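The values are calculated or read from the model by the stated rules, or taken from the named source; none is laboratory data. In this text, all values refer to a predicted model and were calculated from it rather than measured experimentally. Reconstructed Cβ throughout: ideal geometry from the backbone, glycine too, with neighbour counts over all protein chains shown.
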Amino acid sequence: MTTLTAPTLTHVCDLTVELAPIREMGAGRAGKRRIIPIVGGTVAGPRLNGRILNLGADWQTIFDDGLAELDTRYAFETDDGALIEIQNYGFRHGPADVMAAVAAGQDVAPDAYYMRTHARLETGDPRYAWVNNTLFVGTGARFAEAVKVSLFALG
């Protein structure tokens, strides 16, 4: 049997996603629901640079065991004017005391909990058509008024 090569990761950019206050929805079918508006931020890295637009949100579900299911959709404009949509889905979880500190807006070391995502990017701009055909994964951290995500192309 042939063993296939493990995929490689290539750093594409770091997202600093600025957030408005959380809008609590209450209990839904699967868990506690909330919406967190995305109001701006930056994109900086070796392959993508620009600014996150003031549109979009993270529609989260918080399960009884503390797992946060992250489901975001927003867009950014590159420094040279291309519009790129990003859909980012992932999980955040960790020890209860660590997650309580994160929820309280305290500075918590990103390696004290798990925050991983997979992202799909899309654009109609031919200069960035490569994002339409690339899978991305990310590592993240939650801060009081922003989320940081490092995106990597899966090769």
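Observations on the structure shown:
For every residue, the table says whether it meets (1) assigned to a strand (DSSP E or B); (2) surrounded by fewer than 16 Cβ atoms within 10 Å (Cβ to Cβ); (3) at positive phi.
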| site | (1), (2), (3) |
| --- | --- |
| THR5 | no, yes, no |
| LEU15 | yes, no, no |
| MET25 | yes, yes, no |
| PRO37 | yes, no, no |
| GLY41 | yes, no, yes |
| ASP58 | yes, no, no |
| ASP65 | no, yes, no |
| ALA75 | yes, no, no |
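- Candidates are the residues of segment 99-155 that are touching a Phe, Trp or Tyr at 6+ places or on another chain (Cβ under 9 Å) and hydroxyl-bearing (Ser, Thr, Tyr); the one that is surrounded by the most Cβ atoms within 10 Å (Cβ to Cβ) is THR117.
- Subset tally (residues that are of a type in the set (A, V, I, L, M, F, W, C), within 18 Å of PHE136 (Cα to Cα) and in contact with a strand residue (DSSP E or B) (Cβ under 9 Å, 6 or more places away or on another chain)) for segment 1-55: 9
- Summed over segment 77-99, residues that are in a strand (DSSP E or B) and either closer than 16 Å to TYR128 by Cβ or of a type in the set (Gly, Ala, Ser) (or both) total 8.
- Candidate set: segment 1-29, residues that are of a type in the set (Val, Ile, Thr) and in contact with a Lys or Arg (Cβ under 7 Å, 6 or more places away or on another chain); chosen: the one nearest to GLU77 (Cα to Cα): THR16
- Residues located in segment 60-89, provided they are among the aromatic types (Phe, Trp, Tyr), at pLDDT 95 or above and under 17 Å from ILE35 (Cβ atoms): TYR74, TYR89
- Candidates VAL131, VAL102, filtered to the one that is outside any loop (DSSP other than H, G, I, E, B), modelled with pLDDT under 95, hydrophobic (A, V, I, L, M, F, W, C) and more than 13 Å from the chain's Cα centre (by Cα): VAL102
- Taking every residue in segment 35-57 that is in contact (Cβ under 8 Å) with a residue 60 or more places away in the chain and over 22 Å from ALA129 (Cβ atoms) and pairing it with any residue that is among the hydroxyl-bearing types (Ser, Thr, Tyr) and surrounded by 15 or more Cβ atoms within 10 Å (Cβ to Cβ), at least 6 positions away or on another chain, the pairs with Cβ-Cβ distances below 8 Å are GLY41/THR16.
- Subset of segment 49-67 (residues that are within 14 Å of ILE84 (Cβ to Cβ) and more than 15 Å from the chain's Cα centre (by Cα)): ASN49, GLY50
- Residues of segment 43-55 satisfying the condition of being in a strand (DSSP E or B) and not aliphatic (A, V, I, L, M): GLY50, ARG51, ASN54
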